[in-house]
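One structure below.
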Amino acid sequence: MKKLILLNFVIFLFVFPAANVFGATIKTLETKRDEGYATSVVYEQDWETVYAAVKYVWRHSENTGISQQYLVSVIDYATEDKAIYVNYPANGSTGMGVFFIPLRNNRTRVDYVSAGFSGSLYHQGIIDSTVDEVAYFLGHGQQAYREYTHTLKEQWHKKLEEESRSKHRSAFE
């Protein structure tokens, strides 16, 4: 189990940022968003509340993908631009962006965008998890969210253990 986590960490630390060899920029993310390559979600909250929720989820999530992404990236909270950028110090590129668009009646559209080759299933998984966790946070509050993300982590570990035992049993049968 520890080897799997270490391997994932090494992959996320070096391989995924390095795969973005063209050095995606904030402009790349904005272009992709304008071309429709974004996961868009509308939340029933004002943009400042949603912005704070995304920041909180990124910092406190126990989801392996989100937490590892947080550890290997430099998060640029560009509040004045109503955006959050995920930068990779290893190659100086910007891998993901989260854009907040205020709508009427205290609603906010959020566009989650992944750039370059790193626009992979890995990043889409992080985006999907972030969308789900932000919605849960906004609907249930901070304490309930912390319990929720911890429960998700425990379920994930249990699933990995069951898969490992299943593979181990079948190898000896």
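The values are calculated or read from the model by the stated rules, or taken from the named source; none is laboratory data. Model, not experiment: these values are computed from the prediction. Cβ coordinates were reconstructed from backbone atoms using ideal geometry, including for glycine residues, and neighbour counts include every protein chain displayed.
Being of a type in the set (D, E, K, R) and surrounded by 16 or more Cβ atoms within 10 Å (Cβ to Cβ) is the filter here, so list the residues in the range 56-70 that pass it.
Glu62
Quickly run through the range 127-173 and pick out the residues that are under 26 Å from Val113 (Cβ atoms), more than 15 Å from the chain's Cα centre (by Cα) and modelled with pLDDT of 95 or more.
Leu138, Gly139, listed by residue number.
Give just the number: which of (1) farther than 18 Å from Ala52 by Cα; (2) surrounded by fewer than 16 Cβ atoms within 10 Å (Cβ to Cβ) does Tyr88 not satisfy?
(2)
From the residues in the range 143-165 that are polar (S, T, N, Q) and surrounded by 11 or more Cβ atoms within 10 Å (Cβ to Cβ), which one is nearest to Val131 (Cα to Cα)? Walk me through it before giving the result.
Taking the range 143-165 as the starting set, the residues that turn out to be polar (S, T, N, Q) are 143, 149, 151, 155, 164.
Pick out the ones that are also surrounded by 11 or more Cβ atoms within 10 Å (Cβ to Cβ) and you get 149, 151, 164.
On the way: Thr149: 13, Thr151: 17, Ser164: 29 Å.
Filtering first and then ranking leaves Thr149.
Quick one: would you say Ser120 is surrounded by fewer than 20 Cβ atoms within 10 Å (Cβ to Cβ), at pLDDT below 80 and not β-branched (Val, Ile, Thr)?
yes
Just to be sure I understand the filter: pairs with C-beta atoms under 8 Å, separated by 6 or more residues or on different chains, first member in the range 42-54 and within 20 Å of Val113 (Cβ to Cβ), second member surrounded by fewer than 22 Cβ atoms within 10 Å (Cβ to Cβ) and at pLDDT below 95. Which pairs pass?
Filtered contacts from the range 42-54: Tyr51/Thr79; Tyr51/Ile84; Val54/Ile84.
Quick one: Phe99 ticks every box in (1) surrounded by 21 or more Cβ atoms within 10 Å (Cβ to Cβ); (2) in contact with an Asp or Glu (Cβ under 6 Å, 6 or more places away or on another chain) except a single one, so which number is it?
That leaves (1) as the condition not met.
What pairs come up if the first residue lies in the range 69-86 and is farther than 16 Å from Val110 by Cα, the second is exposed (fewer than 14 other Cβ atoms within 10 Å of the Cβ) and of a type in the set (D, E, K, R), and their beta carbons are under 9 Å apart, counting only those six or more places apart or on different chains?
Within 9 Å, the pairs are Tyr70/Arg59; Ile75/Arg59.
Modelled with pLDDT under 90 and either in contact with a strand residue (DSSP E or B) (Cβ under 7 Å, 6 or more places away or on another chain) or on the phi > 0 side of the Ramachandran plot (or both): does that describe Gly23? Before the answer, list the steps.
Working: modelled with pLDDT under 90: yes; either in contact with a strand residue (DSSP E or B) (Cβ under 7 Å, 6 or more places away or on another chain) or on the phi > 0 side of the Ramachandran plot (or both): yes.
For Gly23, the condition - modelled with pLDDT under 90 and either in contact with a strand residue (DSSP E or B) (Cβ under 7 Å, 6 or more places away or on another chain) or on the phi > 0 side of the Ramachandran plot (or both) - is met.
Across the range 59-84, which residue is nearest to His150 (Cα to Cα) among those that are of a type in the set (Gly, Ala, Ser) and touching a strand residue (DSSP E or B) at 6+ places or on another chain (Cβ under 9 Å)?
Ser73
Can you tell me which of Val41, Val50 is modelled with pLDDT of 85 or more, β-branched (Val, Ile, Thr), surrounded by 20 or more Cβ atoms within 10 Å (Cβ to Cβ) and closer than 15 Å to Val134 by Cβ?
Within the list Val41, Val50, the selection yields Val50.
I'd like to know if the range 69-81 contains one or more residues that are at pLDDT 90 or above and closer than 22 Å to Leu121 by Cα.
Looking for residues that are at pLDDT 90 or above and closer than 22 Å to Leu121 by Cα, one finds none in the range 69-81, hence no.
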